[in-house]
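Encoded as structure tokens, the structure appears first; notes follow it.
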Amino acid sequence: MDVFGNLWMGFGVAVSWLNLLYAFIGVLLGTLIGVLPGVGPVATIAVLLPITFNLPPVPALIMLAGIYYGSQYGGSTTSILVNIPGEAASVVTCLDGYQMARQGRAGPALAVSALGSFFAGCVATLVIAVAAPPLAEVALKFGPSEYFSLMVFGLIGATVLASGSLIKAIAMVLLGLLLGLIGTDVNSGVLRFTFDIPELSDGIGFVVVAMGMFGIAEIVANLEHKGAREVFTGKVTNLFPTKEDFKRAWAPVLRGTALGSCLGILPGGGALLSSFAAYSVEKKVSKHPEQFGKGAIEGVAGPESANNAGAQTSFIPMLTLGIPSNPVMALMIGALMIQGIAPGPQVMTEKPELFWGLIASMWVGNLMLVVLNLPLIGMWVKLLSVPYRYLYPSILVFMAIGVFSLSNNPFDVLIMAIFGVFGYICVKLECEPAPMILGFILGPLMEENLRRAMLLSRGDPLVFFQKPISAAFLAASLFLLVIIALPAIRKKREAAFVEQQA
Amino acid sequence: MEIRNSKDFWAGLMFVVVGLFFMLWAVAQYQMGTAVRMGPAYFPAVLGGMLASLGAVIFLRAFFSRLTDSAAGRIPFSAKDLAIGVASLALAAWASRSFSGSAESGILAAAFILSVLANRYRLKGASASLRLSFNAADFVIGVVIFYVAAQLSFRYARNSDYGMLAAAALLSVLAVLFRPGARPLVLVVASGIAYGYLMKPLGLILATAVLVFISAFGGHEFKWKEVTILYVVLIVFSILVFVKALSLPFPICPDFMDSCPIR
């Protein structure tokens, strides 16, 4: 079957009433949490994971995917209107988007961001449809040494994204790998690091760790510093951009889409990296770099297209290799495993309706987002005035219900609390939780592949360098490490994250 | 010697301790195996060693960093304190292991010594958002309270649930009275723990009440009327969505009630 035949079949799956309904719920929820600052897509997906137990796999994944790219849309709305990034990837949109709003051009900024994102979403959907099958075919030939090196590459990629120091991020990855080993060792059946606690014999649940590290820690950190929010009260009129706006925006949209589609595939990539990269590219190629930060429409169009494209193409490594490239994808893998589907290249051949249905639903979801968001902007802005003191007990209730329902055991809630405290300490010590979560997911997989590779090579560690694909991954990891450590890049990276915090 | 970056100091220390723990525990308890046939200890031992070495680098960096993180300035540090801490930990573990066969009580004792020392090097930050709301001694005391309460209740009631609840309650009261800065952290976490352990005996309605009211009390503003309305909305939503629509097997009413009016 060719790509279009497959896509057609996917659309057949995606437009069934049930799947349309869940795609709608997903993008609606995604937009909602994208708008609300202090509630990220990771925490939301973690909270909703247990609910998907009772759903068939296709609508479950469609809904979770909708939350992820929906949150990119919602985040940009608040960046433009109130200078608050509802979501990390829309931080750069604040720079020019909010300035445009202050000049009374909030309408065009919102429209360009929505249309640019829609365009990027369409292209990224095609990219996934075209790129995923050949990649999955290659992945089917991967042996344990290739998988091991790929995971090393993925984990190193995750450290690039961490905003703190590189060495702390790597330490967090190692810590995550170690925590992932808790439980029964598959090879020998030995209970490792369980301390005679029967609940630990199956290991610590991934959802529990994610909710503690992202959910609880975030709530406590938000409660500690109280900040007043300035809400943009001006009315959004004149939604449509002028001809001049279109003329200036189309090239950045194209560039942003291309950049985002590429960066999204990289491990550790996704929406966040893409939007930052797109902004600096636009600033570089612009004839009027001095306008940036003062309401240049290019500074909205580029990053907004890029983050949406990146959010979508980051599904490629998850769908074809079974390797998560960011915490959201790690949660998706969790959702797949809960449904009894082993993520990896075989998903495409064994569950084509899931694979192609998900891809087609992304396009459908993007269409819904445009239709949903442009008329509802006023409502989203009103949501911002909901005080955090109503929000956080509600989030806590959903988290507690979600965690408790995993196995009806209070022990899971206790573990969540412990990781909440640990996550809080990590925030204070400037250790990023995201690399740890990826390590946690990959820990058992890595050990398994390392063991197999060493068994096959009879204990010769050189096997990782002799196989070409494996060697390429290791070389790429080394390359990444060197680049980040280089002083010039380090300065830029620090500057980018300073901008993010400001 | 001066600590120039107290975040690196504590993060490094944390990684060293955790890494060493995983490494030593794996080597002592499980089969190492060979590179060809790796035993259960192999991978964790290697990872733990790597983590401990990275932690050591981060720890040392705290003394030579060009970036000073705290407005509070540099913190004087005597290596003697660290040596005393490490030595007391090792000594206590060894002594209690050789006398009672279990390292736990000795490690608890050493934890107290360490916590007293830790008090001198508390994390200081330029802004409130970077400052830790409790110090290392508080942390150790909190962990010990939980541990002792769980052990006691297991010994006398064959169930550690009561101990967990009691410890969460005790810590909440202590935090509200003595550590107002740690109130958000302690109350949010304690309310979650209470929810988990109260769900089976008290049912969804009462457990959610405990969760909502205690966690709301951890915030800056607490108004009975607002929180009550929020609670009613949340409990109705939970029952309709989670119990009715998604049919999660939660008890709605307390265990001691014979018949539940809501079904």
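Just for the stretch B:1-28: of the residues that are within 21 Å of A:Asp185 (Cβ to Cβ) and more than 8 Å from every other protein chain (Cβ to nearest Cβ), which one is surrounded by the most Cβ atoms within 10 Å (Cβ to Cβ)?
Applying the filter and picking the extreme gives B:Met23.
Taking only pairs six or more apart or across chains, which ones have beta-carbon atoms under 7 Å, a first residue in the stretch A:190-213 that is over 19 Å from B:Gln29 (Cα atoms), and a second residue that is among the charged types (D, E, K, R) and outside any helix (DSSP H, G or I)?
Cβ pairs passing all conditions: none.
Got a number for residues in the stretch A:120-152 being among the aliphatic types (A, V, I, L, M) and closer than 17 Å to A:Ala475 by Cα?
3
Across the stretch B:200-209, which residue is farthest from the chain's Cα centre (by Cα) among those that are open to solvent by less than 50 Å² (accessible area, probe 1.4 Å) and within 10 Å of chain A (Cβ to nearest Cβ)?
B:Leu204
Mind listing just one residue for me: the one in the stretch A:169-189 that is out of contact with any Gly (no Cβ under 9 Å at 6 or more places or on another chain) and either modelled with pLDDT under 85 or among the basic types (Lys, Arg) (or both) and, of those, farthest from A:Glu432 (Cα to Cα)?
A:Gly189
If I ask for residues that are part of a helix (DSSP H, G or I) and open to solvent by 10 Å² or more (accessible area, probe 1.4 Å), which ones from the stretch B:32-44 would you list?
B:Tyr42, B:Phe43
Could you tell me whether A:Ala400 is assigned to a helix (DSSP H, G or I) and within 14 Å of chain B (Cβ to nearest Cβ)?
Considered against the rule, which asks whether it is assigned to a helix (DSSP H, G or I) and within 14 Å of chain B (Cβ to nearest Cβ), A:Ala400 comes out as yes.
Within the stretch A:135-152, which residues are in a helix (DSSP H, G or I) and either open to solvent by less than 30 Å² (accessible area, probe 1.4 Å) or at pLDDT 85 or above (or both)?
A:Ala136, A:Ala139, A:Pro144, A:Ser145, A:Glu146, A:Tyr147, A:Phe148, A:Ser149, A:Leu150, A:Met151, A:Val152
Just to be sure, is B:Asp138 modelled with pLDDT of 80 or more and charged (D, E, K, R)?
no
Could you count how many residues in the stretch B:234-263 are assigned to a loop (DSSP other than H, G, I, E, B) and either surrounded by 14 or more Cβ atoms within 10 Å (Cβ to Cβ) or not aliphatic (A, V, I, L, M) (or both)?
16
Would you mind telling me which numbered condition in (1) surrounded by fewer than 17 Cβ atoms within 10 Å (Cβ to Cβ); (2) within 8 Å of chain A (Cβ to nearest Cβ); (3) outside any helix (DSSP H, G or I) B:Gly219 fails?
(1)
Of the residues in the stretch B:45-58, how many are surrounded by fewer than 21 Cβ atoms within 10 Å (Cβ to Cβ) and either among the basic types (Lys, Arg) or within 9 Å of chain A (Cβ to nearest Cβ) (or both)?
2
Restricting the search to the stretch B:223-263, which residues are more than 9 Å from every other protein chain (Cβ to nearest Cβ), among the polar types (S, T, N, Q) and under 32 Å from the mean Cα position of the chain (by Cα)?
Within the stretch B:223-263, B:Thr228 is the sole residue that qualifies.
Determine which member of the set A:Leu28, A:Leu81 is in contact (Cβ under 8 Å) with a residue 40 or more places away in the chain and open to solvent by 10 Å² or more (accessible area, probe 1.4 Å).
The unique qualifying residue is A:Leu28.
Could you tell me which numbered condition A:Leu177 fails, if it satisfies all but one of (1) touching a Leu at 6+ places or on another chain (Cβ under 8 Å); (2) surrounded by 17 or more Cβ atoms within 10 Å (Cβ to Cβ); (3) more than 11 Å from chain B (Cβ to nearest Cβ)?
Failed condition: (3).
If we keep just the residues of the stretch A:181-214 that are within 10 Å of another protein chain (Cβ to nearest Cβ) and not in a loop (DSSP other than H, G, I, E, B), which is surrounded by the most Cβ atoms within 10 Å (Cβ to Cβ)?
In this case the residue turns out to be A:Met211.
With the checklist (1) more than 16 Å from B:Leu51 (Cβ to Cβ); (2) open to solvent by less than 10 Å² (accessible area, probe 1.4 Å); (3) at the interface with another protein chain (Cβ under 8 Å from one of its Cβ atoms) in hand, flag the one item A:Cys431 doesn't pass.
Unmet for A:Cys431, out of (1) more than 16 Å from B:Leu51 (Cβ to Cβ); (2) open to solvent by less than 10 Å² (accessible area, probe 1.4 Å); (3) at the interface with another protein chain (Cβ under 8 Å from one of its Cβ atoms): (1).
The values are calculated or read from the model by the stated rules, or taken from the named source; none is laboratory data. All values reported here derive from a predicted model rather than from experimental measurement. Quick reminder, even Gly has a Cβ in these numbers, built from the backbone with ideal geometry, and neighbours come from all protein chains shown. Quick note on the areas: whole protein, heavy atoms, side chains included, nothing else; ligands and nucleic acids left out. Shrake-Rupley method; radii C 1.70, N 1.55, O 1.52, S 1.80 Å.
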